[in-house]
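Structure, as structure tokens:
The values are calculated or read from the model by the stated rules, or taken from the named source; none is laboratory data. What you see is a predicted model; the values in this text were computed from it and never measured. Note: ideal-geometry Cβ built from the backbone for every residue, glycine included; neighbour counts use all protein chains shown. Heads up: the accessible areas ignore ligands, DNA and RNA and are worked out on the full protein's heavy atoms, side chains in. Shrake-Rupley method; radii C 1.70, N 1.55, O 1.52, S 1.80 Å.
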Amino acid sequence: MGKKIIKDGWFLTMDEGQPVKYGYMVINEGKIEGIYEEEVKEEAGEVIDAKGKLIIPGFVNTHGHTGSTLLRGAGDDLPLNTWLKEVMWPMEQRFTKETTKAATSLAIGEMLKSGTTTFLDMYHLHMDQTAELILESGMNGVLCRGMIGLCSKEEQAEKLKESVELYKTWHNSGDGKIKVMLAPHAPYTCPPDFMEMIIEKAHEHGIALHTHLSETRKEVEEHIGTYGKHPAEHLSELGFFEGHALIAHGVHLSDAELSLLARKGTYISHNPKSNLKLGSGVADLKKMKEKNIRVCLGTDSSASNNTLDMFEEMRFASLIHKGVNEDPTAVSARDILFMAAQNGGKALQYEKKGRLKKGYDADFSIVEPGGMHTLPDPEERIVSHLVYAHKGSDVTDVFANGKQLVKNKELLTMDEEKIRFNAREALAKLRR
């Protein structure tokens, strides 16, 4: 891959005291060799002029469903349970391998062009195909074969077997680009005995776990009514949090559950836009921060968001908590940037992603400042602008593991015209 130098840019290092540094970044064999304030004189295979531009870590989207991308805008303004049962699940029953490929390709392209270099995909159809698309695109991705247990014991066992095979086939493939987690859909769709089977298999093979948890008040109340305990407490009794675990949403967690997750070192993927659109509520990010819970950001699917733009997710995550708590200090722009990048990398078990730092993977985006929506732009306002003003459309170039995937806003590893055509064709077939 050789050596690259990014010169004359503003680098978002997030270092204490100097979160933004002007200078040069040297990349060697897919890793960041260093960031320097003095001009770098050494030879390089490629020198990229980033004069006046911002270089930021690649975003890590820690929860989503790429196969649902063709359902963007379908079933708006419905509560979660109704939306799932009357719109999402019936439509997805008609999905073919071709449909899923069109949807996933569209999602990957959208994420790449808005600066996301790593994502988690919880889906249940054609996950081997998704793995192939991740490798073709050059991104990093976590595969989660979502398992719903409202079926026969034989079907449960088959779903779990399929998930373990996915792990054995794809985990750490592509030089570590792909990882696999076991993913029971949620406590309300996975009976305790099925959940125990999954947890036992995860512990047997050392596989991380991911699930939806406490997304709506209704599901929590029903769980307490059925089992006499809160969902997170129940999962803890079953052993869910004994290994590496990531939950999505966590909107309706009790104080005791938050303390439990803090003790267990569990990660929470905060999905503010999806939670707002579906009327699920607002997770207590301020309390999560106070308890030192490791929070990251996810978009959920574009069917409930309706975009996969992590800039928007950052802005929502910051603003709603200031408003709900009537406290502008509830969360800072710096906190949000850590959630969108470094925390996300660790949540997905990529220890060297989400930071512009020596030894880290060269996953980064170049952002064009100077749009009317980001002016004036003195150095001390860069962090603020990234969270409160910039948009995904401001991203011009994207690199993952040192390889350029987007150049001058054009996809290099994917055919955007073909992606657009296939998405429209796939939807047209569904509507016939």
Probe 1.4 Å, all protein chains in place: accessible area of V387 in Å², nearest 10? 0
Would you list I224, I32 from the most to the least accessible area, probe 1.4 Å? I224, I32
Additional length obtainable on full extension of the chain from E98 to S393, 0.36 nm per residue less Cα span: 103.4 nm
Restricted to the chain, the DSSP antiparallel beta bridge percent, nearest 5, is 45
How much solvent-accessible surface does R217 expose, in Å² to the nearest 10, with a 1.4 Å probe and all protein chains in place? 140
Between segment 378-410 and segment 46-98, how far is it from one alpha carbon centroid to the other, in angstrom? 19
Measure out, as a whole number of angstrom, how far apart the alpha-carbon centroids of segment 175-247 and segment 325-340 sit. 28
What size of dipole, in debye to the nearest 20, comes out for the chain about its Cα centre when the only charges are +1 on Lys and Arg C-beta atoms and -1 on Asp and Glu C-beta atoms? 340
Summing -39500 (n - 2.57) over the DSSP H runs of n ≥ 4 in the chain and dividing by its residue number, what mean residue ellipticity at 222 nm do you reach, to the nearest 500 deg cm²/dmol? -11000 deg cm²/dmol
Measure of exposure for V282: accessible area at 1.4 Å probe, Å² rounded to 10, is 50
Taking a ≥ b ≥ c as the square roots of the eigenvalues of the Cα gyration tensor of segment 239-358, is the shape rounded (a/c under 1.5), prolate (a/b larger than b/c) or oblate? rounded
Largest to smallest principal axis extent of the C-alpha atoms in the chain, angstrom: 65, 47, 42
Formal net charge of residues neighbouring M372 (Cβ-Cβ distance under 14 Å; K, R +1; D, E -1): -2
Sort H249, H205 by heavy-atom solvent-accessible area, probe 1.4 angstrom, most to least. H205, H249
